[in-house]
Amino acid sequence: MSDFEIKTKDGLARIGKFRTRHGTVTTPLLMPVIHPGRSEIAPAELVSEFGFQMVITNSYIISRREELRETALKRGVHGLLDFEGPVMTDSGTFQMYFHDLPSEEIDPLEIVRFQRDIGSDVGTILDVFSAPDVGRQQVEHDVLTSLKRGEMSVPEKGDMLLAGTVQGGVYTDLREMSARRLAQLDFDVHPIGGVVPLMEQYRYSDVVRVTLAAKRHLPPDRPVHLFGCGHPMFLALATALGCDLFDSASYAKFADDDRLMLTSGTVHLKDLRELPCDCPVCSSTTVEELKRTNKSERRSAIMRHNLYVTSAEMRRIRQAIAEGELLQLASARARSHPSLYDALQTLLHRADQIERSHPVGTTTSVFYTGPETAHLPVYYRLHDRIMTSYPYRRTETVIVVPHLADTPFAETTPTVVDLVKRTTPERLIVVYLTPFGAVPWEFEHVHPVQQSVFPRYLDADTLNTVRERALEVLTTIEADEVVWFARSAPTQVLFEAVSEVLTMTPLETAAEVTEHVTKTASGVRHRAWTLRKLRALFTYQWGISDTGRLEQWNVELSRATGKIRYIREGEDILFTMMPMTGLLIPTYEGGLALEDMGLPERYYVAVNDEAAPFVAEGRSALAKFVKNASPELRAGEEVLVTDEGGTILAVGRALLTGEEMLTLDRGVAVTIRHSQPSQ
């Protein structure tokens with residue numbers, strides 16, 4: 001079983017700790033390929049100088065060269081490479097494909113045993129590589145052969161971690177079958193194989209499709225390795241697919257041809273007038289000096305440049321994950337090549353798969369990068385939850401307000417906000433038309449509504465997305481009339497498009513809106529608007545529709561902002577409103593209230609009785625002690641933690657999905673906010 005712990009999540013991407021016999025590494029990471037017989041840059045220098053954590057070398061080459069084989073068997077692969085860190089070994093699958101070697105060239109069990117015997121930290125099965133242009137029948141045969149070899153290889157791994165490679169060519173159903181079958185075996189890492197030719201042909205969309213197909217069925221406690229991926233312009237997008245490990249020999253191969261790798265692509269030295277990089281190599285020379293050096297020195301300099309750029313990009317990617325901004329980085333990188341941009345679109349049009357892994361309750365600001373921004377998982381989730389959980393569906397009047405969502409709604413449309421606060425939802429509903437969709441007023445502070453930065457000029461694709469989402473929301477609300485409040489906002493241009501479906505009354509001034517709607521504003525009690533908003537939030541956040549108990553509670557507003565701050569019952573605080581997310585955080589007493597209100601099972605996490613006393617004291621609930629969790633639970637959601645008998649021990653924030661909690665043996669599943677009061 002792989003020793004892998006998830007520390008931070010951003011969509012499908014995750015920062016993790018991967019433990020091997022020769023040390024723990026932080027993923028995502030890239031392993032430079034080391035040729036066992038000739039390595040111009042020592043593996044130890046790859047760590048000390050460039051910041052890499054792990055390397056990969058080829059066990060087939062080692063096994064076929066007598067001097068290398070004897071040294072490796074005597075001193076281990078680490079002694080052969082003079083490297084103390086983690087080493088992964090490949091089996092020779094790609095060499096068999098590339099050199100068209102006969103099937104009997106490598107014995108699949110012998111090569112696994114050899115990797116084990118030379119002390120590889122992570123070995124690899126001998127799978128069958130399927131070229132992109134091979135027909136389905138042959139690819140299916142290759143997959144079945146690889147699976148059979150995988151089944152035979154697992155018992156031979158000993159203490160070595162073993163990688164079971166997912167094959168299937170460009171056929172997503174075969175990739176899914178391969179992943180499902182491999183997931184049932186005792187593997188520790190899962191490479192996605194057969195993708196190098198796709199990347200060489202710039203078929204990045206195909207890489208996205210086959211990787212996502214495999215990810216749907218691979219256990220979350222096993223790192224995913226995208227074989228042969230190492231170009232810095234693709235690494236951010238590849239990480240966004242949920243890949244944890246990468247490897248590449250491109251840094252050396254490109255240097256052979258005087259080609260420099262950049263995050264924006266690859267450039268040939270002869271075409272440069274300046275060195276467009278600030279790495280130590282490019283900062284210490286000029287392009288003319290580099291061109292004048294002899295071939296060997298020039299190759300070494302370019303190779304080092306390529307390593308610096310690749311290592312820096314991996315650090316940048318890990319930081320982006322930590323900040324919740326990986327997809328924004330991937331979007332920027334996708335501008336480097338049209339095929340990359342197509343691949344980004346392919347990824348984001350599978351937002352449902354990303355959303356299931358993306359944490360709830362993040363606070364990261366979202367900056368517009370292009371038409372893809374509206375399809376980010378945070379907006380997909382916002383729209384989906386509005387569609388499924390907005391509790392008010394029958395009203396007399398709907399006011400549609402175009403808005404850039406650049407400032408709080410109450411600041412830019414105070415008249416409208418005042419109207420809705422004085423009116424019941426049965427008489428008036430206000431929906432803001434933002435650059436990412438339609439947002440009912442009750443969700444004005446829910447992330448990312450007030451954390452989005454869009455330009456005043458919106459592209460046609462974004463506007464079309466907004467139109468579709470707006471109509472989906474508005475057509476689910478049964479209203480006697482729809483009023484369009486014309487404003488100077490980018491979404492104002494959608495009036496005619498929406499009018500083709502809905503009959504609307506356009507009004508141009510706040511005075512007109514007030515006069516038109518005043519007949520419906522019935523002067524309800526001041527606190528009614530807070531209850532109206534809270535009913536919507538309880539439904540949005542926890543799927544609770546029975547909110548009658550809210551009438552018994554006191555709502556405390558912030559003196560500075562007027563926003564909801566606390567919900568109290570007597571002297572007890574039940575819930576705190578988090579200002580950056582617009583979501584509610586329950587205390588232990590609030591957790592009991594949620595239980596009484598019929599909190600769905602999705603939001604319960606049960607730990608075994610061994611861990612129960614520690615959780616009741618306020619300690620984190622560890623994944624290895626989780627007894628039960630819903631597959632529908634998202635990371636970041638506020639949950640109730642119980643013992644095996646269902647007694648509530650604590651409330652807290654889930655750091656993992658329900659599936660991850662039940663699969664991982666390491667790491668925190670729920671960080672406890674409030675625990676059971678001591679008796």
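Since every read-out is calculated from the coordinates, none of them should be taken as a lab result. Everything numeric in this text was worked out from a predicted model, so none of it was measured. Methodologically, a virtual Cβ is constructed for each residue, glycine included, from the backbone with ideal geometry; neighbour enumeration extends over all protein chains shown.
Points to keep in mind about this one:
- In percent, rounded to a whole number, the relative contact order of the range 4-348 is 17, using alpha-carbon pairs under 8 Å and six or more apart.
- Formal net charge of residues neighbouring Arg487 (Cβ-Cβ distance under 15 Å; K, R +1; D, E -1): -3
- When +1 charges are put on Lys and Arg Cβ atoms and -1 charges on Asp and Glu Cβ atoms, the dipole computed for the chain relative to its Cα centre reaches about 820 debye.
- DSSP-defined antiparallel bridges as percent of all bridges, the chain, nearest 5: 50 percent
- With Rh defined as the Kirkwood radius, the inverse of the mean 1/r over Cα pairs, the Rg/Rh of the range 110-211 is 0.99.
- Cα centroid separation - the range 373-423 against the range 68-107, whole Å: 59 Å
- Report note on the peptides 301-308, 608-615, 264-271: ranked by the mean count of other C-beta atoms within 10 Å, highest first, their order is 301-308, 608-615, 264-271.
- Candidate lysines for bridging to Lys270, where Cα separation is under 30 Å - those fewer than 8 sequence places away on the same chain excluded: Lys253, Lys291, Lys295
- The distance from the alpha carbon centre of the range 189-207 to that of the range 126-172 is 15 Å, rounded to a whole number.
- Only one residue of Ile125, Gln319, Ala410 has its Cα farthest out toward the positive end of the dipole of the chain, where Lys and Arg carry +1 and Asp and Glu -1 on Cβ, and that residue is Ala410.
- Shown is the FRET efficiency for Met578 and His349, computed with R0 = 35 Å from the Cβ-Cβ distance and rounded to the nearest 0.05: 0.70.
- Size of electric dipole in the range 1-80: Cβ of Lys, Arg +1 and of Asp, Glu -1, about Cα centre, debye, nearest 20: 280 debye
- Summing +1 for each Lys or Arg and -1 for each Asp or Glu among the other residues whose beta-carbon sits under 12 angstrom from that of Gly667 gives +2.
- Helical contribution to [θ] at 222 nm, DSSP H n ≥ 4, -39,500 (n - 2.57), averaged over the chain, rounded to 500: -11000 deg cm²/dmol
- Peptide packing: for 130-140, 528-538, 184-194, 571-581, the average count of neighbouring Cβ atoms within 10 Å per residue gives the ranking 184-194, 528-538, 571-581, 130-140, highest mean first.
- Dipole magnitude for the range 4-348: computed about the Cα centre from +1 point charges on Lys and Arg Cβ and -1 point charges on Asp and Glu Cβ, it is near 600 debye.
- Pairs spanning more than 28 Å between alpha-carbon atoms, out of Lys9/Lys533; Lys563/Lys624; Lys7/Lys215: Lys9/Lys533; Lys563/Lys624.
- Scaling against 2.2 N^0.38 Å puts the C-alpha radius of gyration of the range 174-323 at 1.20.
- Here the average projected area of the convex hull drawn through the C-alpha atoms of the chain stands at 33.8 nm².
- Estimated at 0.36 nm per residue, the fully extended path between Arg216 and Glu478 surpasses their Cα-Cα distance by 90.5 nm.
- Across the alpha-carbon set of the range 4-348, the Rg to Rh ratio works out to 0.95, Rh being the Kirkwood radius.
- Computed over the chain: relative contact order in percent, which uses C-alpha pairs under 8 Å that are six or more apart: 10 percent
- Relative contact order %, the range 624-679, counting alpha carbon pairs below 8 Å whose residues are six or more apart: 37 percent
- Normalised alpha carbon radius of gyration of the range 366-520 [divisor 2.2 N^0.38 Å]: 0.95
- For the range 612-679 versus the range 323-350, the inter-centroid distance based on Cα atoms is 34 Å.
- Most to least packed among 351-364, 492-505 [average Cβ atoms within 10 Å]: 351-364, 492-505
- Gain in span if fully extended, Ala497 to Thr286, counting 0.36 nm per residue against the direct Cα distance: 70.4 nm
- Over the range 460-585: Kirkwood hydrodynamic radius from C-alpha pairwise inverse distances, Å: 17.7 Å
- For a straight C-alpha distance cut-off of 18 angstrom, the lysines reachable from Lys157 (same-chain residues fewer than eight places away being disregarded) are Lys148.
- Count Lys and Arg as plus one, Asp and Glu as minus one, and take only other residues whose Cβ is under 15 Å from that of Gly51; the net charge is then +1.
- Ranking Leu161, Leu269, Thr239 by Cα position along the charge dipole of the range 4-348, where only Lys, Arg, Asp and Glu carry charges on their C-beta atoms, puts Thr239 farthest toward the positive end.
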